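Below is one structure; the comments refer to it alone.
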Amino acid sequence: KYLLDGQINQKFSQDKLESEERAQKLDQNNQEEIVNKEKEKDDEIKQLKEEKERKEEELRRNKDELQRERRRADEAEQRIRSLEQEQEQEKQEKDKKESELMKLKDEIEKIKHEYPQVIAHDYNVMNSLTGLGPDILTDLLSMMQNIYDAVQFVGVNKKTFQLTNHARFSSIIKTIEEDFPIAIHNINLGYQDFSDINGVMKKLTQKKTADISLGIVKDSFNIPDSCYPGNNSGTAFFCGKDYGGNVYVKIGNSASGNAGFTNNQIIRIEYDSGKGTLHLFVDGAQQPIYISGINEKVRFVIYMYWDGSTCTLRSLMKLSTPTVGHLPNEKALQW
């Protein structure tokens, strides 16, 4: 009895232990399965969130791209309307010009018939005047002596401007520039000797001597007897030593700083009509005080005060290129 009972208790304890182990394993497996399922759910939720965010980002990009496309379409439409308006304006202007041209042609034809003596019927617009040859305009240009007249003549209209393409144009302009006319006014033969050096250079010898100033006056200025540096509104002078080398422009505008030239020195003034400037050179040295803003026709003048002094004009010429440079202490007086 005791032996059997002990065997039964022993077997029951072993069965109980095995049951507990199986229960523990089942519980562990359940826990692992629950954890795995939760992990799978978390991964699936994460994937779904990422997919949602990706689709939302794609939708946002599509929305931005759509807005950009709409803006580009609006800009293109505005550009098209602008071009159409410009085209319409050009067409209206063209029609207006054509209408005006037809009116002018009708008026010319009317004048030709009503007043035949006014407009010659044999006028050839493309080739010049019939009977005078196709190069009549070029011949007229070559007869000019003043380069400014030539420039104005060529710039009259498109027809005359075509002369710039003529084979003789460059040589004609070069000849006009080289033969630029120089005239000396108010010559007093009792006091001055005037002679040609060549077609461009002139020589004027002053027989009397005096303290001297060189300068310019307005082309329209009538020089009075009492004219001297600084007392007239139409003059400008570079003065010699007795004036301390001062520069006087019209009335009340003066400056010092140039060398006060005196006897036996070579004095030169250089006028640049393009820049409107007048510079002084003393024995070849450029002086710092100069005159600027000269935008009108002027004449060179020589001022002498004391009776008995002399001044010899060694030359008067047109320079092909300026010789003036820049000085660190230069100063301009406005004309």
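No lab work stands behind these numbers, since they all come straight from the coordinates. Everything numeric in this text was worked out from a predicted model, so none of it was measured. Neighbour counts are summed over all protein chains in view; Cβ atoms, including those assigned to glycine, are modelled from backbone coordinates with ideal geometry.
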Arranged from highest to lowest average of other beta-carbon atoms within 10 Å per residue, in what order do the peptides 227-234, 168-175 appear? 227-234, 168-175
Using the Karplus equation 6.51 cos²θ - 1.76 cosθ + 1.60 (θ = phi - 60°), what ³J(HN,Hα) coupling, rounded to whole Hz, does each residue of region 224-236 give in order, writing x for Gly and Pro? x, 5, 8, 7, 8, x, x, 10, 9, 7, x, 10, 8
To one decimal place, what orientation-averaged projected area in nm² is obtained for the convex hull of the Cα set of region 260-335? 6.0 nm²
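If I stretch the segment between Ala332 and Asn165 completely, what's the gain in nm (0.36 nm per residue apart, minus their alpha carbon distance), one decimal? Walk me through the intermediate numbers first.
Details: separation 167, 0.36 × 167 = 60.12 nm, distance 3.99 nm.
Taking Ala332 through Asn165 to full extension adds about 56.1 nm, to one decimal.
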Once the piece of chain linking Ser315 and Asn36 is laid out straight, how much longer is it, given 0.36 nm per residue of separation minus the C-alpha distance between them? 89.0 nm
Say each of Asp135 and Gln14 gets a label point 7 Å from the Cα, pointing the same way as Cα to Cβ; how far apart are those two points in nm? 14.2 nm
So for R0 = 45 Å, FRET eff. of Cys227-Ser142 from the Cβ-Cβ r, to 0.05, ends up at 0.65
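Mind ordering 249-255, 297-303, 14-20 by average Cβ neighbours within 10 Å, highest first?
Numbers: 249-255: 16.0, 297-303: 17.6, 14-20: 10.0.
Result, highest mean Cβ count within 10 Å first: 297-303, 249-255, 14-20.
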Say each of Arg268 and Lys49 gets a label point 7 Å from the Cα, pointing the same way as Cα to Cβ; how far apart are those two points in nm? 9.2 nm
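If you take the beta carbon distance between Glu57 and Glu84 as r and set R0 to 25 Å, what does 1/(1 + (r/R0)^6) give as a FRET efficiency, to the nearest 0.05? All intermediate terms of the calculation are to be shown ahead of the outcome.
Numbers: r = 40 Å, r/R0 = 1.61.
Calculated value: 0.05.
Can you give the FRET efficiency for Lys297 and Lys97, using 1/(1 + (r/R0)^6), R0 = 35 Å, r = Cβ-Cβ distance, to the nearest 0.05?
FRET efficiency, Lys297 to Lys97: 0.40.
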